[in-house]
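First the structure, in the form of structure tokens, and then the observations on it.
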Amino acid sequence: DLFQYDPERINATENFFIRSEKPFNAETKPTVLVSSFLTPIEKFYVRNHMHVPFVNINEFKLEIGDGTSAYTLSYDDLKDKYQSHTVTSALQCAGNRRAAMNNDAQGSVQGTPWYVGAIGNARWTGVKLRDVLESFGLLNEGRHVQFVGLDCDTSQRCYGASIPMEKALSDDVLIAYEMNDETLTSDHGYPLRIVVPGTVGARSVKWVNRIIVSNEESDSHWQKADYKVLPPSIKQPQQVDYDRVPAIQESNVQSAICYPASTEDGNKVKILSVKPTGEDTKNQTLSIKGYAVGGGGRQVQNVQISLDHGKTWLQADLEQLAQPYMRAWAWTLWSTHIPLKDLPSEPFDIVCRAMDIHSNSQPDSPLGIWNVRGVMNNSWHKITLKIDA
Ligand code: MTE
Ligand code: MO
């Protein structure tokens, strides 16, 4: 059983909507997402394409090379020989919010039907990829840096991905060994994972044991035939279609409403009944909360809510870190409180949208960005509410 080393997952059904067991794919429930600025490890979404690999830490070696020769570092070498560096960064799957791309006009999309929870925000500690490359004279010795994981299928095809060398030179790309100040767990890549802030989750290779500097991108399936935005005319993708389209790197500006939310799978909830309780009743307001990310290190400039499908907008309050220019990797949490008297008694829609510091914003509907793999859906997130007074 390839899955024999998958860990036990505590309280999984409480924290997650589980999309598949083998491989384990689970997204964080919306209300859990907005209950803390750092997503607790056991509540952080898990996206595994295969099984969790077996690791013997005493024999574990990280190989770093140019494809012909390689140096090796043990787990302890890596921690002892290089300076540690910590980055607070969101990690988001390119397929987050995929389910909302399905529509009658254009058809269904292929892939795990994520709602809004294939995202989390954590403090990652490790060593800088650039320091390690530099120590072996590999900086700028190729156009790409490829990563290979220990999770391999029965024909020895392993998960892999690559990033452009320019990104690897930046200060915040990590070979990480800690998440939220604790040793990485097996679901999140123990002993070592790559963390590429600002870039879609697929490039942050878990269980990494090989790093290759090359003029070529990774030739893995997930670099070459997945995680690409195909043109909307393509409904049954073939390799030639993928070959014409670049691999996704940076994330785009994104936001979603996470409270109020149902404990049921968000994809299935058509109208959400809310009983204003506790603080809501006292202040006679309805609280709305969610997250936003800029992508590519661009800070979120604002998040806005509309109750009339975009004719008028309310500005939300933001909780965000002060982060250096173009290094805003952490997410933003936002909230706003709407007086109950301003809300209709019939069901009504709420939408949210974010804008980054370069004034990039989110499209109003998935129609204009539809693609058969359902990636990069950052259209306005909409929920339908009914106030149960
Ligand atoms: N790395 C390996 N080795 N195997 C994988 O299946 N999944 C990738 C990436 N790194 C994956 C991987 C994808 S698509 C995402 S979105 C993130 O890991 C998810 O990271 P998480 O499970 O820690 O949330
Ligand atoms: Mo992903």
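Read-outs: derived from the displayed coordinates by stated rules, not from any lab. These numbers were taken from a predicted model, which means no experiment stands behind them. Backbone-built Cβ (ideal geometry, glycine too); neighbour counts: all protein chains shown.
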Kirkwood-Stokes translational diffusion coefficient of the chain, alpha-carbon pairs, 10 °C, 1.306 mPa s, µm²/s:
73
Ranked list, fewest to most other Cβ atoms within 10 Å of each Cβ, for Met326, Met376
Met326, Met376
For segment 333-389, the spread of Cα positions along each principal axis, largest first, Å
40, 28, 16
Reciprocal mean inverse distance between Cα atoms of segment 37-162 - Kirkwood radius, Å:
17.8
Quick one: which residues, 5+ away or cross-chain, put their amide H under 5 Å from the amide H of Ala330? H built at 1.01 Å from N.
Ala90
Once fully extended, how much extra length lies between Thr154 and Ala12, figured as 0.36 nm per residue of separation less the alpha-carbon to alpha-carbon distance?
48.3 nm
Send over the semi-axes of segment 254-387's equivalent ellipsoid, whole angstrom and largest first, taken as the square roots of 5 times the C-alpha gyration tensor eigenvalues.
26, 19, 13
Hey, could you get me the Stokes-Einstein D for segment 128-222, Kirkwood radius over alpha-carbon pairs, 20 °C and 1.002 mPa s, rounded to whole µm² s⁻¹?
160
Sort Val213, Val274 so the one with the fewest other Cβ atoms within 10 Å of its own Cβ comes first.
Val274, Val213
In nm, to one decimal, how far is the modelled label at Glu264 from the one at Phe3, with both set 7 Å along Cα→Cβ?
2.6
If I take R0 = 30 Å and measure r between the Cβ atoms of Ser69 and Asp171 in this structure, what FRET efficiency does the formula 1/(1 + (r/R0)^6) give, to the nearest 0.05?
0.65
For the residue pair Glu182 and Lys341, what label-to-label distance in nm results when each label sits 7 Å from Cα along the Cα-to-beta-carbon direction?
4.7
What order do you get for Thr28, Thr384 when you list them from fewest to most C-beta neighbours inside 10 Å?
Thr384, Thr28
Starting from segment 295-363, pick out the chymotrypsin sites (Phe, Trp or Tyr not before Pro) whose DSSP state is loop and whose Cβ has at most 14 other Cβ atoms within 10 Å.
Tyr325
Place a point 7 Å from the Cα of Gln284 in the direction of its beta carbon; the residues of segment 374-389 whose amide N falls under 15 Å from it are 389
Between Gln239 and Ser84, the two model label points (7 Å from Cα along the beta-carbon direction) sit apart by a distance in nm of 4.4
Provide the gained length on full extension for the span Asp317 to Thr384, in nm with one decimal, where the gain is 0.36 nm per separating residue minus the Cα-Cα distance.
22.0 nm
For segment 1-111, which semi-axes, largest first and in whole Å, follow from the square roots of 5 times the eigenvalues of its Cα gyration tensor?
32, 19, 18
Going by a ≥ b ≥ c, the root eigenvalues of the Cα gyration tensor, does segment 208-254 fall in the rounded group (a/c under 1.5), the prolate group (a/b larger than b/c) or the oblate group?
oblate
Could you state the number of Å between the C-alpha centres of segment 312-385 and segment 34-111?
25
